[in-house]
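Student: Okay, here's the structure, questions in a sec.
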Amino acid sequence: MIKLLVEPSGPLSGHIALHGAKNAVLPIMAACLLSEEASVIERVPKVADVTVMVEILRSLGVKVTVGKERLKIEPGKFSGTVAAYDLVSQMRASICVLGPLLARQGQARVSMPGGCVIGPRPIDLHLKGLEALGAVLSIEHGYIVASGRRLKGSDIQLVGTFGSSVLATGNVMMAATLAPGVTVIEHAACEPEVVDLANFLISMGARIEGQGTPVIRVEGVEKLHGSHYTIIPDRIECGTLMMATAITGGQVEIAGARIDHLNVVVDKLKEAGVIFDVRDDGVMVSAPNRLKGVDVTTQPYPGFPTDLQAPMLALMSTADGASVLTEKIYPERFMHVSELVRMGARIKREGSSALVRGVEQLSGAPVSGSDLRATAALVIAGLVAQNQTEVSGIEHLDRGYQGFEKYISSLGACIQRVPESSRTKKRELVSR
Ligand code: EPU
(Lines give C-alpha, C1' and ligand atoms only; values in the text may rest on other atoms or scores of the structure.)
Protein backbone atom coordinates (compact mmCIF):
# COMPACT_ATOMS: atom_id res chain seq x y z
CA MET A 1 0.00 0.00 0.00
CA ILE A 2 1.35 3.37 -0.94
CA LYS A 3 1.18 6.59 1.03
CA LEU A 4 1.99 10.24 0.54
CA LEU A 5 4.51 12.13 2.65
CA VAL A 6 3.36 15.73 2.78
CA GLU A 7 5.76 18.41 4.00
CA PRO A 8 4.71 21.85 5.20
CA SER A 9 4.64 23.93 2.02
CA GLY A 10 4.69 27.63 1.42
CA PRO A 11 1.90 29.38 -0.45
CA LEU A 12 0.94 27.47 -3.62
CA SER A 13 1.52 29.53 -6.73
CA GLY A 14 1.41 29.15 -10.48
CA HIS A 15 -0.93 28.08 -13.24
CA ILE A 16 -2.74 24.78 -13.57
CA ALA A 17 -5.25 23.23 -16.00
CA LEU A 18 -8.17 21.06 -14.92
CA HIS A 19 -8.78 17.48 -16.01
CA GLY A 20 -12.12 16.16 -17.27
CA ALA A 21 -14.86 15.40 -14.74
CA LYS A 22 -14.71 11.86 -13.35
CA ASN A 23 -18.41 11.90 -12.46
CA ALA A 24 -19.33 12.98 -15.98
CA VAL A 25 -17.16 10.55 -17.90
CA LEU A 26 -18.31 7.39 -16.07
CA PRO A 27 -22.01 7.56 -17.09
CA ILE A 28 -21.02 8.85 -20.53
CA MET A 29 -18.87 5.75 -21.04
CA ALA A 30 -21.89 3.64 -20.09
CA ALA A 31 -24.08 5.67 -22.47
CA CYS A 32 -21.89 4.57 -25.39
CA LEU A 33 -23.53 1.14 -25.02
CA LEU A 34 -26.74 2.65 -26.39
CA SER A 35 -25.40 2.69 -29.97
CA GLU A 36 -23.77 0.13 -32.22
CA GLU A 37 -21.53 2.85 -33.60
CA ALA A 38 -18.18 3.96 -32.21
CA SER A 39 -17.89 7.04 -29.97
CA VAL A 40 -14.78 9.02 -29.12
CA ILE A 41 -14.59 10.82 -25.78
CA GLU A 42 -12.03 13.55 -25.18
CA ARG A 43 -10.59 15.07 -21.97
CA VAL A 44 -10.89 11.77 -20.15
CA PRO A 45 -9.14 11.87 -16.76
CA LYS A 46 -6.57 9.17 -16.08
CA VAL A 47 -8.09 7.87 -12.85
CA ALA A 48 -8.67 4.38 -11.48
CA ASP A 49 -12.48 4.57 -11.74
CA VAL A 50 -12.21 5.12 -15.49
CA THR A 51 -10.00 2.01 -15.70
CA VAL A 52 -12.67 0.00 -13.88
CA MET A 53 -15.34 1.25 -16.29
CA VAL A 54 -13.11 0.33 -19.25
CA GLU A 55 -12.86 -3.19 -17.78
CA ILE A 56 -16.63 -3.41 -17.36
CA LEU A 57 -17.23 -2.39 -20.98
CA ARG A 58 -14.62 -4.87 -22.19
CA SER A 59 -16.17 -7.62 -20.07
CA LEU A 60 -19.43 -6.98 -21.95
CA GLY A 61 -17.66 -7.57 -25.27
CA VAL A 62 -17.13 -3.91 -26.20
CA LYS A 63 -13.89 -2.79 -27.87
CA VAL A 64 -12.29 0.09 -25.94
CA THR A 65 -9.11 1.85 -27.06
CA VAL A 66 -7.45 3.97 -24.41
CA GLY A 67 -5.44 6.97 -25.61
CA LYS A 68 -3.97 9.98 -23.88
CA GLU A 69 -7.01 11.75 -22.42
CA ARG A 70 -9.14 9.99 -25.05
CA LEU A 71 -11.26 6.87 -25.26
CA LYS A 72 -12.64 5.19 -28.34
CA ILE A 73 -15.57 2.95 -27.49
CA GLU A 74 -16.87 0.56 -30.16
CA PRO A 75 -19.85 -1.44 -28.91
CA GLY A 76 -20.84 -3.00 -32.26
CA LYS A 77 -23.26 -5.87 -31.63
CA PHE A 78 -21.80 -6.68 -28.21
CA SER A 79 -23.49 -9.62 -26.52
CA GLY A 80 -22.70 -9.16 -22.81
CA THR A 81 -25.42 -8.45 -20.28
CA VAL A 82 -23.62 -9.06 -16.99
CA ALA A 83 -21.63 -6.60 -14.87
CA ALA A 84 -19.90 -8.92 -12.44
CA TYR A 85 -19.29 -8.54 -8.72
CA ASP A 86 -15.49 -8.33 -8.91
CA LEU A 87 -15.72 -5.15 -11.01
CA VAL A 88 -18.87 -3.56 -9.58
CA SER A 89 -17.58 -4.04 -6.02
CA GLN A 90 -14.63 -1.78 -6.92
CA MET A 91 -16.83 1.11 -7.96
CA ARG A 92 -20.43 1.97 -7.11
CA ALA A 93 -20.80 4.04 -10.28
CA SER A 94 -20.81 0.73 -12.22
CA ILE A 95 -24.55 0.76 -11.62
CA CYS A 96 -24.89 3.23 -14.47
CA VAL A 97 -24.53 0.39 -17.01
CA LEU A 98 -27.93 -0.94 -15.85
CA GLY A 99 -30.08 1.50 -17.85
CA PRO A 100 -28.09 1.28 -21.11
CA LEU A 101 -27.85 -2.54 -20.95
CA LEU A 102 -31.55 -2.84 -20.42
CA ALA A 103 -32.33 -0.45 -23.26
CA ARG A 104 -29.92 -2.07 -25.70
CA GLN A 105 -30.10 -5.77 -24.79
CA GLY A 106 -33.52 -6.03 -23.19
CA GLN A 107 -31.92 -7.63 -20.16
CA ALA A 108 -29.15 -7.05 -17.63
CA ARG A 109 -27.58 -8.63 -14.57
CA VAL A 110 -25.64 -6.07 -12.58
CA SER A 111 -24.07 -6.92 -9.26
CA MET A 112 -25.61 -4.94 -6.37
CA PRO A 113 -23.13 -2.27 -5.30
CA GLY A 114 -22.06 -3.04 -1.75
CA GLY A 115 -21.68 -0.84 1.32
CA CYS A 116 -19.72 2.36 1.27
CA VAL A 117 -17.65 4.28 3.81
CA ILE A 118 -19.55 7.49 3.11
CA GLY A 119 -22.75 5.92 4.46
CA PRO A 120 -25.73 3.98 3.14
CA ARG A 121 -26.17 4.30 -0.61
CA PRO A 122 -29.46 2.67 -1.58
CA ILE A 123 -30.44 2.03 -5.21
CA ASP A 124 -34.23 2.16 -4.81
CA LEU A 125 -34.57 5.20 -7.09
CA HIS A 126 -32.68 3.46 -9.92
CA LEU A 127 -35.04 0.49 -9.61
CA LYS A 128 -38.18 2.61 -9.24
CA GLY A 129 -37.33 4.63 -12.34
CA LEU A 130 -36.57 1.63 -14.53
CA GLU A 131 -39.67 -0.21 -13.30
CA ALA A 132 -41.76 2.82 -14.29
CA LEU A 133 -40.39 2.38 -17.82
CA GLY A 134 -41.72 -1.18 -17.80
CA ALA A 135 -38.67 -3.17 -16.71
CA VAL A 136 -39.14 -6.22 -14.51
CA LEU A 137 -36.58 -6.23 -11.75
CA SER A 138 -35.59 -8.64 -9.03
CA ILE A 139 -32.64 -9.15 -6.71
CA GLU A 140 -31.13 -12.61 -7.04
CA HIS A 141 -27.94 -13.89 -5.43
CA GLY A 142 -26.53 -10.38 -5.02
CA TYR A 143 -27.42 -9.29 -8.54
CA ILE A 144 -30.04 -6.89 -9.91
CA VAL A 145 -31.72 -8.94 -12.59
CA ALA A 146 -33.57 -6.78 -15.08
CA SER A 147 -35.55 -7.56 -18.18
CA GLY A 148 -37.63 -5.32 -20.35
CA ARG A 149 -37.79 -6.02 -24.04
CA ARG A 150 -40.54 -3.43 -24.38
CA LEU A 151 -39.65 -0.36 -22.35
CA LYS A 152 -42.13 2.49 -22.71
CA GLY A 153 -42.02 6.19 -21.90
CA SER A 154 -43.60 7.13 -18.59
CA ASP A 155 -43.94 9.87 -15.93
CA ILE A 156 -41.52 9.24 -13.08
CA GLN A 157 -41.11 10.91 -9.67
CA LEU A 158 -37.46 10.33 -8.84
CA VAL A 159 -37.24 11.74 -5.33
CA GLY A 160 -35.78 10.06 -2.24
CA THR A 161 -35.23 10.95 1.41
CA PHE A 162 -32.12 12.96 0.53
CA GLY A 163 -33.52 14.61 -2.57
CA SER A 164 -32.63 13.82 -6.16
CA SER A 165 -30.14 11.18 -7.32
CA VAL A 166 -27.42 11.90 -9.87
CA LEU A 167 -26.84 8.37 -11.18
CA ALA A 168 -30.51 7.29 -10.92
CA THR A 169 -31.44 10.29 -13.08
CA GLY A 170 -28.70 9.25 -15.49
CA ASN A 171 -29.80 5.60 -15.58
CA VAL A 172 -33.44 6.43 -16.27
CA MET A 173 -32.56 9.13 -18.81
CA MET A 174 -30.29 6.70 -20.70
CA ALA A 175 -32.88 3.91 -20.74
CA ALA A 176 -35.60 6.35 -21.83
CA THR A 177 -33.70 7.50 -24.93
CA LEU A 178 -34.61 4.23 -26.69
CA ALA A 179 -38.04 3.70 -25.07
CA PRO A 180 -40.95 4.55 -27.40
CA GLY A 181 -43.06 7.47 -26.19
CA VAL A 182 -42.31 10.32 -23.84
CA THR A 183 -40.64 10.00 -20.45
CA VAL A 184 -40.87 12.83 -17.94
CA ILE A 185 -38.47 12.60 -15.01
CA GLU A 186 -39.61 14.82 -12.14
CA HIS A 187 -37.23 15.72 -9.29
CA ALA A 188 -34.37 15.00 -11.69
CA ALA A 189 -30.87 15.81 -10.45
CA CYS A 190 -29.58 19.12 -11.86
CA GLU A 191 -25.82 18.49 -11.45
CA PRO A 192 -23.57 19.64 -14.33
CA GLU A 193 -22.55 15.99 -14.79
CA VAL A 194 -26.21 15.08 -15.54
CA VAL A 195 -26.32 17.96 -18.05
CA ASP A 196 -23.10 16.69 -19.64
CA LEU A 197 -24.59 13.21 -19.95
CA ALA A 198 -27.77 14.66 -21.51
CA ASN A 199 -25.69 16.71 -23.95
CA PHE A 200 -23.68 13.63 -24.90
CA LEU A 201 -26.91 11.67 -25.49
CA ILE A 202 -28.27 14.53 -27.61
CA SER A 203 -25.05 14.45 -29.62
CA MET A 204 -25.85 10.75 -30.26
CA GLY A 205 -29.28 11.70 -31.61
CA ALA A 206 -31.36 11.48 -28.42
CA ARG A 207 -34.27 13.87 -27.89
CA ILE A 208 -33.92 15.39 -24.45
CA GLU A 209 -35.10 18.68 -22.96
CA GLY A 210 -34.91 20.21 -19.52
CA GLN A 211 -31.46 18.93 -18.50
CA GLY A 212 -30.18 21.10 -15.65
CA THR A 213 -33.73 21.60 -14.34
CA PRO A 214 -35.76 19.29 -12.06
CA VAL A 215 -37.96 18.17 -14.97
CA ILE A 216 -36.31 16.28 -17.82
CA ARG A 217 -38.33 15.24 -20.86
CA VAL A 218 -37.07 12.43 -23.08
CA GLU A 219 -38.73 11.43 -26.33
CA GLY A 220 -37.64 7.94 -27.27
CA VAL A 221 -35.98 7.37 -30.65
CA GLU A 222 -35.43 4.15 -32.53
CA LYS A 223 -31.66 4.32 -32.68
CA LEU A 224 -28.69 6.38 -31.51
CA HIS A 225 -25.49 6.96 -33.43
CA GLY A 226 -21.86 7.38 -32.36
CA SER A 227 -20.50 10.72 -31.23
CA HIS A 228 -17.29 12.67 -30.69
CA TYR A 229 -17.54 14.52 -27.40
CA THR A 230 -15.42 16.45 -24.90
CA ILE A 231 -16.11 16.04 -21.16
CA ILE A 232 -16.65 19.12 -18.94
CA PRO A 233 -13.81 20.16 -16.62
CA ASP A 234 -13.99 18.62 -13.16
CA ARG A 235 -15.70 21.07 -10.79
CA ILE A 236 -14.76 19.01 -7.73
CA GLU A 237 -11.08 18.95 -8.71
CA CYS A 238 -11.41 22.71 -9.25
CA GLY A 239 -12.95 23.27 -5.81
CA THR A 240 -10.30 21.07 -4.20
CA LEU A 241 -7.56 23.16 -5.85
CA MET A 242 -9.22 26.37 -4.70
CA MET A 243 -9.19 25.08 -1.13
CA ALA A 244 -5.56 23.88 -1.36
CA THR A 245 -4.59 27.33 -2.63
CA ALA A 246 -6.60 29.07 0.07
CA ILE A 247 -5.26 27.04 3.00
CA THR A 248 -1.66 27.85 2.03
CA GLY A 249 -2.42 31.55 1.46
CA GLY A 250 -1.35 31.08 -2.15
CA GLN A 251 -2.20 32.49 -5.55
CA VAL A 252 -3.05 30.08 -8.36
CA GLU A 253 -4.58 30.50 -11.80
CA ILE A 254 -6.90 27.60 -12.60
CA ALA A 255 -7.38 27.26 -16.36
CA GLY A 256 -10.62 25.89 -17.71
CA ALA A 257 -12.50 26.51 -14.46
CA ARG A 258 -16.27 26.70 -14.97
CA ILE A 259 -17.16 29.14 -12.21
CA ASP A 260 -20.84 28.81 -13.17
CA HIS A 261 -20.61 25.21 -11.87
CA LEU A 262 -19.25 26.39 -8.52
CA ASN A 263 -21.26 29.51 -7.66
CA VAL A 264 -22.17 28.48 -4.11
CA VAL A 265 -18.64 27.26 -3.38
CA VAL A 266 -17.14 30.51 -4.64
CA ASP A 267 -19.64 32.54 -2.56
CA LYS A 268 -18.71 30.58 0.58
CA LEU A 269 -14.98 30.92 -0.07
CA LYS A 270 -15.41 34.66 -0.70
CA GLU A 271 -17.26 34.95 2.61
CA ALA A 272 -14.24 33.26 4.23
CA GLY A 273 -11.89 35.81 2.62
CA VAL A 274 -10.71 34.10 -0.58
CA ILE A 275 -10.30 36.44 -3.56
CA PHE A 276 -11.41 35.45 -7.07
CA ASP A 277 -10.52 37.14 -10.31
CA VAL A 278 -12.55 35.50 -13.08
CA ARG A 279 -10.84 35.53 -16.47
CA ASP A 280 -11.72 34.43 -19.97
CA ASP A 281 -10.35 30.94 -19.56
CA GLY A 282 -10.55 30.31 -15.84
CA VAL A 283 -9.99 32.02 -12.54
CA MET A 284 -7.20 33.41 -10.38
CA VAL A 285 -7.63 32.36 -6.75
CA SER A 286 -5.74 34.01 -3.91
CA ALA A 287 -5.92 34.20 -0.15
CA PRO A 288 -3.54 36.86 1.16
CA ASN A 289 -4.97 36.93 4.69
CA ARG A 290 -5.96 34.38 7.29
CA LEU A 291 -9.44 33.09 6.44
CA LYS A 292 -12.41 33.31 8.75
CA GLY A 293 -14.76 30.47 9.64
CA VAL A 294 -18.00 30.16 7.64
CA ASP A 295 -20.95 27.78 7.95
CA VAL A 296 -21.67 25.38 5.10
CA THR A 297 -24.51 22.96 4.38
CA THR A 298 -24.18 20.44 1.58
CA GLN A 299 -27.17 20.18 -0.77
CA PRO A 300 -27.94 18.78 -4.19
CA TYR A 301 -26.81 21.09 -7.03
CA PRO A 302 -26.80 24.08 -7.16
CA GLY A 303 -26.07 23.78 -3.43
CA PHE A 304 -22.65 23.21 -1.87
CA PRO A 305 -21.45 19.77 -3.12
CA THR A 306 -20.99 16.95 -0.63
CA ASP A 307 -17.81 16.04 -2.55
CA LEU A 308 -16.19 19.27 -1.30
CA GLN A 309 -17.29 18.95 2.31
CA ALA A 310 -14.10 17.17 3.46
CA PRO A 311 -11.67 19.62 1.76
CA MET A 312 -13.76 22.52 3.15
CA LEU A 313 -13.52 21.02 6.62
CA ALA A 314 -9.72 20.89 6.27
CA LEU A 315 -9.78 24.54 5.21
CA MET A 316 -11.97 25.60 8.13
CA SER A 317 -9.67 23.75 10.56
CA THR A 318 -7.16 26.59 10.36
CA ALA A 319 -9.58 29.49 9.77
CA ASP A 320 -10.13 32.15 12.37
CA GLY A 321 -13.23 31.44 14.50
CA ALA A 322 -15.95 28.84 14.44
CA SER A 323 -17.79 27.15 11.62
CA VAL A 324 -20.44 24.46 11.26
CA LEU A 325 -20.41 22.06 8.31
CA THR A 326 -23.66 20.14 7.88
CA GLU A 327 -24.10 17.15 5.55
CA LYS A 328 -27.51 16.83 3.93
CA ILE A 329 -26.55 14.26 1.29
CA TYR A 330 -24.54 11.65 3.19
CA PRO A 331 -25.08 12.35 6.92
CA GLU A 332 -22.38 9.78 7.80
CA ARG A 333 -19.67 11.25 5.54
CA PHE A 334 -17.40 12.35 8.40
CA MET A 335 -14.72 9.65 8.67
CA HIS A 336 -12.07 12.33 8.07
CA VAL A 337 -13.03 14.21 11.25
CA SER A 338 -11.12 11.87 13.57
CA GLU A 339 -8.08 12.02 11.26
CA LEU A 340 -8.08 15.83 11.18
CA VAL A 341 -8.42 15.80 14.99
CA ARG A 342 -5.26 13.63 15.09
CA MET A 343 -3.56 16.52 13.30
CA GLY A 344 -4.61 18.94 16.02
CA ALA A 345 -7.86 20.21 14.49
CA ARG A 346 -10.60 21.13 16.96
CA ILE A 347 -13.66 19.48 15.45
CA LYS A 348 -16.63 17.96 17.24
CA ARG A 349 -19.12 15.87 15.38
CA GLU A 350 -22.76 16.28 16.33
CA GLY A 351 -25.10 14.11 14.24
CA SER A 352 -24.80 15.22 10.65
CA SER A 353 -22.76 18.33 11.53
CA ALA A 354 -19.12 19.01 12.29
CA LEU A 355 -18.47 21.92 14.65
CA VAL A 356 -15.07 23.46 14.04
CA ARG A 357 -12.98 25.92 16.02
CA GLY A 358 -10.09 26.98 13.85
CA VAL A 359 -6.57 26.51 15.22
CA GLU A 360 -3.49 28.56 14.31
CA GLN A 361 -1.47 25.52 13.27
CA LEU A 362 -2.07 21.83 12.57
CA SER A 363 0.59 19.26 13.34
CA GLY A 364 1.72 16.48 11.01
CA ALA A 365 0.69 12.92 11.90
CA PRO A 366 0.16 9.56 10.23
CA VAL A 367 -3.45 9.68 8.97
CA SER A 368 -5.60 7.58 6.71
CA GLY A 369 -8.19 8.70 4.14
CA SER A 370 -11.44 6.74 3.96
CA ASP A 371 -12.69 7.90 0.55
CA LEU A 372 -11.18 9.98 -2.23
CA ARG A 373 -12.41 13.35 -0.99
CA ALA A 374 -11.42 12.60 2.61
CA THR A 375 -7.93 11.64 1.43
CA ALA A 376 -7.61 14.86 -0.58
CA ALA A 377 -8.69 16.80 2.52
CA LEU A 378 -5.91 15.21 4.59
CA VAL A 379 -3.31 16.07 1.95
CA ILE A 380 -4.56 19.67 1.94
CA ALA A 381 -4.33 19.82 5.74
CA GLY A 382 -0.81 18.38 5.55
CA LEU A 383 0.30 21.32 3.39
CA VAL A 384 0.03 23.64 6.39
CA ALA A 385 0.80 21.24 9.24
CA GLN A 386 3.99 21.41 11.26
CA ASN A 387 6.40 18.64 10.23
CA GLN A 388 5.57 15.74 8.00
CA THR A 389 2.08 14.26 7.46
CA GLU A 390 1.88 10.67 6.25
CA VAL A 391 -1.34 10.11 4.37
CA SER A 392 -2.43 6.58 3.55
CA GLY A 393 -5.58 5.54 1.70
CA ILE A 394 -4.01 6.75 -1.54
CA GLU A 395 -5.84 4.06 -3.49
CA HIS A 396 -8.99 6.13 -2.82
CA LEU A 397 -7.34 9.36 -3.97
CA ASP A 398 -6.24 7.70 -7.21
CA ARG A 399 -9.82 6.68 -7.98
CA GLY A 400 -10.84 10.22 -8.77
CA TYR A 401 -7.90 12.66 -8.88
CA GLN A 402 -5.35 12.38 -11.68
CA GLY A 403 -1.80 12.39 -10.26
CA PHE A 404 -2.90 14.49 -7.30
CA GLU A 405 0.47 14.89 -5.62
CA LYS A 406 2.31 15.78 -8.84
CA TYR A 407 -0.41 18.21 -9.68
CA ILE A 408 -0.20 20.03 -6.33
CA SER A 409 3.59 19.74 -6.35
CA SER A 410 3.68 21.62 -9.66
CA LEU A 411 2.38 24.57 -7.64
CA GLY A 412 5.21 24.34 -5.13
CA ALA A 413 4.00 21.75 -2.61
CA CYS A 414 6.43 19.15 -1.26
CA ILE A 415 4.78 15.75 -1.52
CA GLN A 416 6.34 12.36 -2.12
CA ARG A 417 4.67 9.07 -2.98
CA VAL A 418 6.28 6.10 -1.24
CA PRO A 419 5.42 2.47 -0.51
CA GLU A 420 3.55 2.15 2.80
CA SER A 421 6.39 0.13 4.31
CA SER A 422 8.98 2.87 3.76
CA ARG A 423 10.26 4.72 6.77
CA THR A 424 9.28 8.34 7.06
CA LYS A 425 12.76 9.75 7.04
CA LYS A 426 13.32 12.91 5.07
CA ARG A 427 14.02 12.27 1.42
CA GLU A 428 14.24 14.10 -1.82
CA LEU A 429 10.79 15.51 -2.37
CA VAL A 430 8.72 15.99 -5.46
CA SER A 431 8.66 19.71 -5.96
CA ARG A 432 8.45 22.04 -8.83
N1 EPU B 1 -30.18 7.81 -2.83
C2 EPU B 1 -31.29 7.10 -2.50
N3 EPU B 1 -31.74 6.14 -3.36
C4 EPU B 1 -31.12 5.90 -4.55
C5 EPU B 1 -29.98 6.65 -4.90
C6 EPU B 1 -29.52 7.61 -4.02
O7 EPU B 1 -31.87 7.31 -1.43
O8 EPU B 1 -31.59 5.02 -5.30
C9 EPU B 1 -29.68 8.84 -1.90
C10 EPU B 1 -28.23 8.64 -1.51
O11 EPU B 1 -28.09 7.73 -0.44
C12 EPU B 1 -27.79 10.05 -1.16
C13 EPU B 1 -28.59 10.89 -2.14
O14 EPU B 1 -29.67 10.08 -2.59
O15 EPU B 1 -28.21 10.36 0.14
C16 EPU B 1 -27.79 11.36 -3.34
O17 EPU B 1 -27.08 10.27 -3.93
P18 EPU B 1 -26.84 10.16 -5.49
O19 EPU B 1 -27.64 9.01 -6.03
O20 EPU B 1 -27.05 11.49 -6.12
O21 EPU B 1 -25.32 9.76 -5.56
P22 EPU B 1 -24.66 8.94 -6.73
O23 EPU B 1 -25.35 9.28 -7.98
O24 EPU B 1 -24.56 7.52 -6.36
C25 EPU B 1 -22.92 10.77 -7.42
C26 EPU B 1 -21.43 10.91 -7.41
C27 EPU B 1 -20.92 11.03 -5.99
C28 EPU B 1 -21.57 12.25 -5.34
C29 EPU B 1 -23.11 12.10 -5.41
C30 EPU B 1 -23.85 13.31 -4.87
C31 EPU B 1 -20.80 9.69 -9.38
C32 EPU B 1 -20.06 8.57 -9.98
N33 EPU B 1 -20.83 9.75 -8.06
O34 EPU B 1 -23.20 9.56 -6.72
O35 EPU B 1 -19.52 11.25 -6.08
O36 EPU B 1 -21.18 12.36 -4.00
O37 EPU B 1 -23.52 11.90 -6.78
O38 EPU B 1 -23.50 14.45 -5.58
O39 EPU B 1 -21.30 10.53 -10.10
C40 EPU B 1 -17.30 11.29 -5.34
O41 EPU B 1 -16.98 11.63 -6.49
O42 EPU B 1 -16.53 11.35 -4.36
C43 EPU B 1 -18.67 10.80 -5.11
C44 EPU B 1 -19.01 10.07 -4.06
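The values are calculated or read from the model by the stated rules, or taken from the named source; none is laboratory data. Since this is a predicted model, take the numbers as computed values, not measurements. We place every Cβ from the backbone using ideal geometry, glycine too, and count neighbours over all the protein chains shown. Ligands, DNA and RNA are stripped out before the accessible areas are found, and what is left, the full protein with its side chains, is counted by its heavy atoms. Shrake-Rupley method; radii C 1.70, N 1.55, O 1.52, S 1.80 Å.
Student: What is the local net charge at residue 312, summed over the other residues whose Cβ is closer than 13 Å to its Cβ (Lys, Arg +1; Asp, Glu -1)? Walk me through the intermediate numbers first.
Tutor: Values: positive: 268, 333, 373; negative: 267, 271, 295, 307, 327.
Surrounding charge for residue 312 is -2.
Student: Still on this structure: I need the shape label for segment 257-309. Rule: rounded when a/c is under 1.5, else prolate if a/b > b/c, else oblate, with a, b, c from the alpha carbon gyration tensor. Could you put the intermediate results ahead of the total?
Tutor: On the way: a/c = 2.72, a/b = 1.11, b/c = 2.45.
The shape class here is oblate.
Student: Another question, if that's okay. Roughly how many debye, to the nearest 20, is the charge dipole of segment 22-230 about its Cα centre, given +1 on each Lys and Arg Cβ, -1 on each Asp and Glu Cβ, and no other charges? It would help to have the intermediate numbers written out before the result.
Tutor: Values: 20 positive and 19 negative charges, 86 e Å.
Computed charge dipole of segment 22-230: roughly 420 debye.
Student: Please determine, in degrees from 0 to 90 and to the nearest 10, the orientation of helix 192-203 with respect to the longest principal axis defined by the Cα atoms of the chain, where the helix direction is its Cα long axis.
Tutor: 40 degrees
Student: Let me ask something else about it. May I ask you to derive the relative contact order of the chain, considering only C-alpha pairs under 8 Å and at least 6 residues apart, and to give it as an integer percent?
Tutor: Working: 1087 pairs, mean separation 86.9, N = 432.
Rounded, it is 20 percent for the chain.
Student: Ordered by residue, what ³J(HN,Hα) values in Hz, to whole numbers, does segment 349-357 give under the Karplus form 6.51 cos²θ - 1.76 cosθ + 1.60, where θ = phi - 60° and Gly and Pro are x?
Tutor: 8, 10, x, 9, 10, 10, 9, 10, 10
Student: With θ set to phi - 60°, apply the Karplus curve 6.51 cos²θ - 1.76 cosθ + 1.60 along segment 403-408 and write out the HN-Hα couplings as whole Hz, x wherever there is a Gly or Pro.
Tutor: x, 3, 6, 5, 4, 6
Student: Assign unit charges at the C-beta atoms only (+1 for Lys and Arg, -1 for Asp and Glu), then state the dipole size of segment 1-77 relative to its Cα centre in Debye, rounded to the nearest 20. Please report the intermediate quantities before stating the final value.
Tutor: Working: 10 positive and 8 negative charges, 24 e Å.
The dipole of segment 1-77 has a size of about 120 debye.
Student: So, with a 1.4 angstrom probe, what is the percent of accessible area on the chain that is carbon and sulfur? List each step's numbers first, then the result.
Tutor: On the way: 8350 of 16850 Å².
Accessible surface attributable to carbon and sulfur in the chain totals 50 percent.
Student: State to the nearest 20 debye the size of the charge dipole of the chain about its Cα centre, where the only charges are +1 on K and R beta carbons and -1 on D and E beta carbons.
Tutor: Details: 44 positive and 44 negative charges, 143 e Å.
About 680 debye.
Student: Note down the net charge around residue 96, summing +1 for each Lys or Arg and -1 for each Asp or Glu among other residues with Cβ under 12 Å from its Cβ.
Tutor: On the way: positive: 92; negative: 49, 193.
Counting the neighbours of residue 96, the net charge comes to -1.
Student: Just the accessible area per residue of the chain, please: how many Å² with a 1.4 Å probe?
Tutor: On the way: 16850 Å² over 432 residues.
Per residue, the chain has an accessible area of 39 Å².
Student: Angle, helix 235-247 long axis vs. longest principal axis of the chain, Cα atoms, 0 to 90°, nearest 10?
Tutor: Helix 235-247 and the main axis of the chain meet at about 0 degrees.
Student: Of 208, 293, 111, which is farthest towards the positive pole of the chain's charge dipole, taken about the Cα centre with +1 and -1 on the beta-carbons of Lys, Arg and Asp, Glu respectively?
Tutor: 111
Student: Could you state the angle between the C-alpha long axis of helix 372-383 and the longest principal axis of the C-alpha atoms of the chain, as a value from 0 to 90 degrees rounded to the nearest 10?
Tutor: Relative to the chain, helix 372-383 is tipped by roughly 20 degrees.
Student: What is the set of long-range amide H partners of residue 349 at a cut-off below 5 Å, with H atoms built 1.01 Å from backbone N?
Tutor: Residues meeting the amide H criterion: 355.
Student: Shifting gears a bit: Which links in 46/152; 22/152; 152/328 stretch past 32 Å when you go from one Cα to the other?
Tutor: On the way: 46/152 37 Å; 22/152 30 Å; 152/328 34 Å.
Flagged as over cut-off: 46/152; 152/328.
Student: Convert each backbone phi in segment 388-397 into a coupling constant with the Karplus relation 6.51 cos²θ - 1.76 cosθ + 1.60 (shift: θ = phi - 60°), then list the ³J(HN,Hα) values in order as whole Hz, x for Gly and Pro.
Tutor: After applying 6.51 cos²θ - 1.76 cosθ + 1.60, I find 7, 10, 9, 9, 9, x, 5, 4, 6, 4 Hz.
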